[in-house]
Every structure is written in structure tokens, then in C-alpha cells.
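A.B. asks: Here it is, the structure in full.
The values are calculated or read from the model by the stated rules, or taken from the named source; none is laboratory data. The structure presented is a predicted model; accordingly, all values stated were derived computationally and were not measured. A quick note on method: Cβ atoms are made from the backbone with ideal geometry, for glycine too, and the neighbour counts reach across all protein chains shown. For accessibility, only protein heavy atoms count, side chains too; no ligands or nucleic acids. Shrake-Rupley method; radii C 1.70, N 1.55, O 1.52, S 1.80 Å.
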Amino acid sequence: MATIKDVAARAGVSLGTASRVLSGSSATSPESRARVQAAAAELAYVAHGPARSLRRSRTDVLGLLVSDIRNPFFSELAHAAERDALRAGYSVLLANANEDEAQADEYLGIFASQRIDGLLLSPQGPVTPRLSALVASGMPVVLLNRHADGLDAPLFETDNEQGVGLVLDWLQRHGHRDVAYVGGPASISTGAERLAAYVAGRAEHGITTSDAFVEAGDFLPDGAAAAMTRILDRGVRPTAVFGANGPTTLGAVRALHARLGREAASAIDVISFDDLDWFDFTTPRISAVRNDAASIGRLGVRGLIDLIDGRPVESQRVAMELVDRSAA
């Protein structure tokens with residue numbers, strides 16, 4: 001295996017110059033950087049990560065803990081975050097909480113043991129002792145799309161109130177009064193905020209305020225299907241259904257078809273918070289408010305790197321857009 005001395009010899013530079021180039025220092029000439037990088041590529045040189053991190057007190061590794069990698073929102077967010085991190089010289093350790101607080105806590109312990117430089121986190125609920133200890137240790141943390149009460153960290157998130165407002169406007173334009181809302185857990189900030197925005201705005205938009213039309217799922221398809229079934233079991237018949245995220249919308253549609261049959265289910269308009277590719281191919285096609293997951297991932301990475309480097313970071317909300325497929 002090639003060493004840094006081999007790289008320096010191949011490039012015709014001093015060991016110090018080779019070390020500065022390979023550690024990412026800008027205190028070298030463009031010519032030296034080109035020669036060292038070419039030599040490293042020819043020799044298939046790989047830096048010894050643990051030794052390097054001990055010298056620099058940095059590992060150049062970020063942790064990314066997402067809520068559910070099966071949810072297209074989080075997979076897109078993770079993809080964008082990883083690409084941006086790599087461009088900035090960081091590797092990413094990706095973990096999936098599976099919408100489970102205990103599993104998320106387990107991964108937080110693993111991240112702490114891996115000596116990551118910072119953490120990108122989509123919380124599953126309140127601050128746990130393990131998360132509190134991680135923050136108390138000085139670990140830079142950035143929150144993605146969800147916040148946790150008591151955790152003071154920059155948050156890059158969807159504008160939930162604006163997104164729900166777009167849905168309410170769409171429902172009103174289409175003359176819907178009897179609307180079923182299938183939400184997420186109140187213990188998760190996005191579940192609580194989307195429900196609050198919907199409840200606050202429904203009367204103004206001519207939508208029934210009967211809570212018989214409202215039920216919480218778990219942000220996963222099976223839980224949403226059960227929630228939609230509970231609404232139908234109350235004897236109400238909505239003319240439209242609003243799903244609080246993509247997997248929730250999928251579960252609600254499954255329940256409509258299972259309980260009412262294809263023809264009756266197809267007569268009910270469906271709109272979703274989150275847009276999924278297959279919404280183009282349903283009958284009727286499903287309208288949605290589109291989350292810019294990629295922007296949230298990129299903003300999170302850049303914010304975390306700023307924190308690591310000691311720069312101030314401000315939270316930011318990312319606007320949503322309506323994808324109206326009702327006329328198609």
C-alpha cells in the first residue's frame with residue numbers, strides 16, 4: 001500500500017507539501033497540488049483515516065440520521081446531502097430510524113462512538129437522554145425537517161403552514177366540504193404542525209370541522225390505512241382525502257379501495273402533503289404539495305459545516321409548491 005512518502009517522491013515534492021495537499025490545505029501552489037493529486041491517483045493512495053483524525057481532531061465524517069429511508073422525501077434528502085458533503089470533503093454515515101425512537105437512539109450511540117464531526121438529524125420525538133448527552137458533549141447538530149422541544153439547534157425545514165394552506169385553497173376551489181384528514185403522530189413536530197394548520201384553517205375554507213373526519217396515523221402506509229378505515233367506520237363519506245405525507249397518502253388510498261371498491265374510491269379526490277412519482281398514474285390523478293427535500297438536505301450540510309467551522313447558522317424554512325393534477 002502506498003504511503004504519503006511514496007506520493008511525495010512520485011510528485012517530486014517535499015513530504016510537508018504532499019501532506020498539506022492531501023489534508024486539503026490551500027497553502028500550496030496550484031502546480032504542487034496538481035502533481036501531488038496526480039501522484040496519489042497513480043499510486044491509489046488512501047489516507048489513513050484514524051491516524052489523520054487524531055492529528056487534526058477531525059474525522060471529516062458527518063452522521064445523517066433520517067426518519068424513514070423508504071419515504072421518498074428522506075431518500076431524496078439523503079442523496080442530496082451526501083453529494084453536497086462529498087463535494088465539501090466529507091463522507092457521510094447514513095442511518096435509518098425507521099420512525100422508531102428506540103432505533104434512532106441506538107444509532108445516536110453508534111455515531112458518538114464513531115467520532116463524527118457533526119450530526120444531521122431528523123428527530124423521532126422529544127429529546128432523549130442520549131441525544132441530550134451528545135449535544136452536551138459539544139457535537140454540532142443540525143435538524144432536518146423536524147424539531148425536538150428543548151433542543152436548540154439550527155433547523156432546515158419545510159414550511160408546513162404554507163404547504164397546508166395550499167392544500168386548503170385547493171380543496172376550497174374544488175368545492176369540497178366533507179374532507180378526511182389522515183395525519184401523523186402528534187409526538188412528531190411535522191405531525192403536530194400540519195394538523196394544527198389544517199384545523200386552524202378548515203372553517204375559513206368551508207371545510208367541515210367535525211373531528212369524525214380526522215384521524216392520526218404513524219406516517220407509514222399501514223398505520224395510515226388503519227386510520228382511514230377508522231374514519232370510514234364512523235359512517236362518514238368524504239368527497240376528498242388529505243394525506244399528511246407521501247406514505248400516509250398511499251395507505252389512505254389502499255384503505256379506500258379495500259373498503260369502498262375501485263369505482264367508489266376513484267370518485268374521491270385525494271391530495272397529498274409530499275409528491276410521489278406514482279401520483280401521475282392513479283385515477284383520478286393525485287394532486288400534491290411538493291416538498292423540496294433536496295434543498296433541505298443541501299442546506300443542512302452547508303449549515304452543519306458552518307457550525308463545525310465556528311460560523312453562525314440561522315434556521316430556514318423552504319417553500320412548497322402545488323402540483324395540481326385535477327385538470328389533467
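A.B. asks: Do any residues in the range 305-326 that are free of Cβ contacts under 8 Å to residues at least 12 places away in the same chain have Cβ atoms under 8 Å from those of residues that are of a type in the set (A, V, I, L, M), where the two are at least six apart or on different chains, and which pairs are they?
C.D. replies: D306/V313
A.B. asks: Something else about it: Among the helices (runs of 4 or more DSSP H) contained in the range 3-108, which hold 1 or more residues that are at negative phi, open to solvent by 60 Å² or more (accessible area, probe 1.4 Å) and modelled with pLDDT of 95 or more? Give the steps one after another, and end with the answer.
C.D. replies: Numbers: elements: 4-11, 15-22, 30-42, 49-56, 72-87.
Hits in the range 3-108: 72-87.
A.B. asks: Which of the numbered conditions does R115 fail, given that it passes all the others? Conditions: (1) over 17 Å from the mean Cα position of the chain (by Cα); (2) outside any loop (DSSP other than H, G, I, E, B).
C.D. replies: Of everything listed in (1) over 17 Å from the mean Cα position of the chain (by Cα); (2) outside any loop (DSSP other than H, G, I, E, B), R115 misses just condition (2).
A.B. asks: Still on this structure, I have one more. Quickly run through the range 130-149 and pick out the residues that are within 23 Å of F73 (Cα to Cα), open to solvent by less than 30 Å² (accessible area, probe 1.4 Å) and more than 12 Å from the chain's Cα centre (by Cα).
C.D. replies: Of the residues in the range 130-149, the ones within 23 Å of F73 (Cα to Cα) are 141-149.
Among the residues that remain, those that are also open to solvent by less than 30 Å² (accessible area, probe 1.4 Å) are: 141-146, 148.
V141, A148, listed by residue number.
A.B. asks: So in the range 178-192, with the set limited to residues that are over 12 Å from D269 (Cα atoms) and not hydroxyl-bearing (S, T, Y), which one is most open to solvent (accessible area, probe 1.4 Å)?
C.D. replies: Here the answer is A186.
A.B. asks: May I ask you to list the residues in the range 198-222 that are aliphatic (A, V, I, L, M), farther than 21 Å from G235 by Cα and assigned to a loop (DSSP other than H, G, I, E, B)?
C.D. replies: Within the range 198-222, A203, L220 qualify.
A.B. asks: Here are D280, D275: which of them is buried (at least 21 other Cβ atoms within 10 Å of the Cβ) and either in contact with a helix residue (DSSP H, G or I) (Cβ under 6 Å, 6 or more places away or on another chain) or under 22 Å from S75 (Cβ atoms) (or both)?
C.D. replies: On inspection, the qualifying residue turns out to be D275.
A.B. asks: Kindly indicate whether D233 is surrounded by fewer than 20 Cβ atoms within 10 Å (Cβ to Cβ) and more than 26 Å from the chain's Cα centre (by Cα).
C.D. replies: Values: surrounded by fewer than 20 Cβ atoms within 10 Å (Cβ to Cβ): yes; more than 26 Å from the chain's Cα centre (by Cα): yes.
So D233 fits the description; yes.
A.B. asks: Tell me which residues, restricted to the range 223-261, are over 24 Å from S326 (Cβ atoms) and either part of a loop (DSSP other than H, G, I, E, B) or not hydrophobic (A, V, I, L, M, F, W, C) (or both).
C.D. replies: G223, T229, R230, D233, R234, G235 - these are the residues of the range 223-261 that are over 24 Å from S326 (Cβ atoms) and either part of a loop (DSSP other than H, G, I, E, B) or not hydrophobic (A, V, I, L, M, F, W, C) (or both).
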